[in-house]
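Let me begin by presenting the structure, written as structure tokens, before commenting on it.
The values are calculated or read from the model by the stated rules, or taken from the named source; none is laboratory data. The model shown is predicted, which means the values in this text are computed figures rather than measured ones. Quick reminder, even Gly has a Cβ in these numbers, built from the backbone with ideal geometry, and neighbours come from all protein chains shown. With ligands, DNA and RNA removed, areas are computed over all heavy atoms of the protein, side chains included. Shrake-Rupley method; radii C 1.70, N 1.55, O 1.52, S 1.80 Å.
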Amino acid sequence: MKKVPELDRIDRDILTLLQEDATISHAEMAERVGASAASCWRRVKALEASGLLGRTVRLVDAASVGRGVNVLCNVRMRSHATEVRQAFETFVASRPEILESFSMSGDWDYLLRIVVADVADYNGFLMGTLLGHPSVAGASSHFALSLTKYTTAFPV
């Protein structure tokens with residue numbers, strides 16, 4: 001298990017602020033966490049170097065780009081051989097409509113979060129692409145009716 005770095009209050013406050021708004025200036029950050037702008041800059045650079053902070057991105061509204069339907073899809077594999085799983089994971093990584101993929105314990109092997117325009121769009125993907133992959137034995141789809149919570153922020 002990866003060792004969790006020691007974080008003081010200021011580091012935690014910086015992480016919280018950056019998860020809310022990654023465009024915050026070092027001056028504003030300094031004012032809000034009670035440190036100097038130079039100290040905040042050094043801390044952010046150290047958090048990046050440690051791997052605690054990843055790349056900076058902007059979040060897109062799914063419905064605004066015609067991807068308002070979320071489907072959670074359980075996938076069962078034909079085989080659990082390493083090369084079969086690697087081929088499936090490579091396939092998943094290549095598909096832009098698959099936003100998240102989890103290797104699972106239990107009855108299903110993977111859980112995918114897939115975003116599509118509508119049910120017909122998903123049907124085309126499921127029948128024409130996912131179920132056509134040679135490693136896939138079956139799938140079970142669950143359509144999200146509404147989004148009741150969404151966050152990218154981890155508690156620190």
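Placing R0 at 35 angstrom, the Cβ-Cβ distance between S141 and Q86 gives a FRET efficiency of 0.90 after rounding to 0.05. A simple spin-label model places the labels of R12 and A153 1.5 nm from each other, with each point 7 Å out along Cα-to-Cβ.
Placing a pseudo-label 7 Å from each Cα along the Cα-to-Cβ vector at D107 and S25 gives an inter-label distance of 5.6 nm. State the label only: which of (i) 17.4, 49; (ii) 22.8, 88; (iii) 20.2, 57 corresponds to Rg and Dmax of the Cα atoms in Å computed from the shown model? After the calculation, the listed value that fits is (iii). Converting phi to 3J(HN,Hα) with the Karplus coefficients 6.51, -1.76 and 1.60 and the offset θ = phi - 60°, the range 75-85 yields 10, 10, 8, 6, 8, 10, 4, 3, 5, 5, 5 Hz in sequence order, with x at every glycine or proline. In the full protein context, the chain carries 67 Å² of accessible surface per residue, based on a 1.4 Å probe and ignoring ligands, DNA and RNA. Which whole-number percent gives the relative contact order of the chain, counting Cα pairs below 8 Å spaced six or more residues apart? Rounded, it is 26 percent for the chain. Largest first, the three principal axis extents of the alpha carbons in the range 64-156 are 39, 37, 23 Å in whole numbers.
Simple spin-label estimate for V119 and R42 gives 6.0 nm between the two label positions (7 Å along the Cα-to-Cβ direction from each Cα).
Given the options C73, W41, T56, identify the residue whose Cα lies farthest towards the positive end of the charge dipole of the range 8-81 (+1 on Cβ of Lys, Arg; -1 on Cβ of Asp, Glu). Of C73, W41, T56, it is C73.
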